[in-house]
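A.B. asks: The structure is given below, and queries will be raised subsequently.
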Amino acid sequence: MTWQHICTGSRLFLILLVVSSVGVMETKAKTGPVHGKVVVCYISTWAVYRPGHGAYSIDNFDPSLCTHVVYAFAGLDPELSAIKSLDPWQDLKEDYGKGGYERLTGLKRTHPHLKVSLAIGGWNEGSKNYSRMVADPMARGKFVKQVTSFIRRYNFDGLDLDWEYPTQRDGNPADRENFVLLCKELREQFQPHNLLLTSAIGAAKNVIDQAYDVRQISRYLDFLHIMCYDYHGSWDRKVGYNSPLTAPQGDALSVQYTIDYLLKLGAPAEKIVMGVPFYGRTFKTPYDGNIGDDTDGTAFQGPYTREDGFLGYNEICQILKNKTSGWTTMWDPETSQVVARSEKDVFNGLVQVVTFDNSRSIANKVKFAMDRNLAGIMVWSIDTDDFLGECEIEEDVYEDFRHLKHSGLRLPTRLHNNYPLLRTINEAMPLAIEEIKNKHHHHHDEDHDMHGHGDHGHRNYDDDDDSVEDNEIPHGSVEDRKGESNSALRKLQNPFFVAVVWCLLSLVF
Ligand SMILES: *[C@@H]1O[C@H](CO)[C@@H](O)[C@H](O)[C@H]1NC(C)=O
Ligand SMILES: *[C@@H]1O[C@H](CO)[C@@H](O)[C@H](O)[C@H]1NC(C)=O
């Protein structure tokens, strides 16, 4: 049988196939972000219990703004070595439950681009039960099998490990090695089903050093979701930045330090997904509310999230849009952080402070991530974005994209007011790539006169710094497994594709 035979016999079939596959490709392109980078959106699903306009349900989720969404959190049943729902009424359908798992994974029907994962762990789950489970090969084996069937049952595309953290918080030194084994065994079990395996990764240097064999876990994980936040908070007993992009030399608590350290330890850039916070850290101080001011460790909470020391961006922007609230803000160009503070309370003499990320912070962090060629951006968590669009749109988002401004490119206009931070991420990705390209051109033209800019003792991530090109990272296997790179070339090597083209040509001539 020759191609001619196959072709004549199945010409109509092939045409239908080509037409329908083009249709599928178009649908895929239309339902999600088109920038080709990863946008991982965590939903803290207990946000459904927040009062008033703070309540966030799966109906509020906009799947077109994320490539991946993570349902947080499921828990561990240490007796059964099994993953379990922590809120069966919200998560499951049994006993008239609300079926959250299947409502989220069901969004793939209308949004086929979307990958939906289930996260196990989180801060409140602690570390001890995970430490025990991974130390026992039998328990580990049982868990790996059970979790695979569990996530498949609800049509999830993958599992996200949120053990905070191996070796820490009543963990065991052996966790570091056992966590590698857990990843390896999960990978082996997931492979035949093409499931995604990812993990949240702590950002502090001491946690990275103790908890993770970075090179080994990178072999088995599809993506590392780096939790680049909580660098400072009320626990420090002084005012500090929640998520500073840079820090002075010798200070390891910054986004840049974390990312560059992981790259140095052998995490492949194309597997690193850099986390950004959609929340701030709060403080109360008898001083003026400057960075470094002492506090007695107390903080304050917001009306929606109701957690001491924590304010969602949606809560912060509500305060700031109230022009009679007496709050003022200050932008810090070194860290790309905002400090907002209240007037001094006349009764207790305390100033309330919150340090947080606004749209400009997020745009600058996207630029840094693109500069390092990372896979993309992760968000904790989209339920504290201004998802209802009740606040003012910030005007200075691309203030620090200097080369873009000079190129005269028109910045996009927003069609929607909701999800300002999440929209900034998607919007900033292509802009950042363009900005970086322009910077290099600019650099070749004008060369030296821009060096040294912004150097105030900070080990600066500076967009005029050529050292960013020194990050040559060994390439992993993500692209290979997903078959996304060189797709045109691959098609030419595919005999079926060649046959289809040949048939179409023979039809035309
Ligand atoms: C560990 O598991 C036990 C038994 O199920 C449970 O009582 C305990 O709360 C778990 N630990 C944490 C921190 O959740
Ligand atoms: C704005 O802030 C002032 C002062 O704190 C307060 O009295 C007022 O109720 C706030 N307005 C709104 C709309 O929240």
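Just so you know, all these numbers are worked out from the coordinates, no wet-lab data involved. Remember, it's a predicted structure, so these values are computed and weren't measured experimentally. We place every Cβ from the backbone using ideal geometry, glycine too, and count neighbours over all the protein chains shown.
A.B. asks: Out of all the residues in the range 269-291, which are under 16 Å from the mean Cα position of the chain (by Cα) and more than 20 Å from residue 244 (Cα to Cα)?
C.D. replies: Those that are under 16 Å from the mean Cα position of the chain (by Cα) and more than 20 Å from residue 244 (Cα to Cα): 269, 270, 271.
Every residue, every condition in (1) within 30 Å of residue 42 (Cα to Cα); (2) without any contact (Cβ under 8 Å) to a residue 12 or more places away in the chain; (3) away from ligand 2 (no atom under 16 Å from the Cβ), yes or no:
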| site | (1), (2), (3) |
| --- | --- |
| 293 | no, no, yes |
| 300 | yes, no, no |
| 309 | yes, no, yes |
| 331 | yes, no, yes |
| 334 | yes, no, yes |
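A.B. asks: Mind counting the residues in the range 144-176 that are under 26 Å from the mean Cα position of the chain (by Cα) and within 30 Å of residue 113 (Cα to Cα)?
C.D. replies: Residues meeting the conditions: 19.
A.B. asks: Would you list the strands (runs of 3 or more DSSP E) that sit entirely within the range 38-142 and hold 2 or more residues that are more than 16 Å from ligand 1 (Cβ to nearest atom) and crowded, with 21+ Cβ neighbours inside 10 Å?
C.D. replies: The strands (runs of 3 or more DSSP E) meeting that bar are 38-44, 68-77, 115-121.
A.B. asks: Could you check, for the range 353-363, whether at least one of its residues is surrounded by 21 or more Cβ atoms within 10 Å (Cβ to Cβ), part of a loop (DSSP other than H, G, I, E, B) and not small (Gly, Ala, Ser)?
C.D. replies: yes
A.B. asks: Where residues in the range 322-343 are charged (D, E, K, R) and farther than 17 Å from residue 359 by Cα, which of them is farthest from ligand 1 (Cβ to nearest atom)?
C.D. replies: Ranking the candidates gives 323 first.
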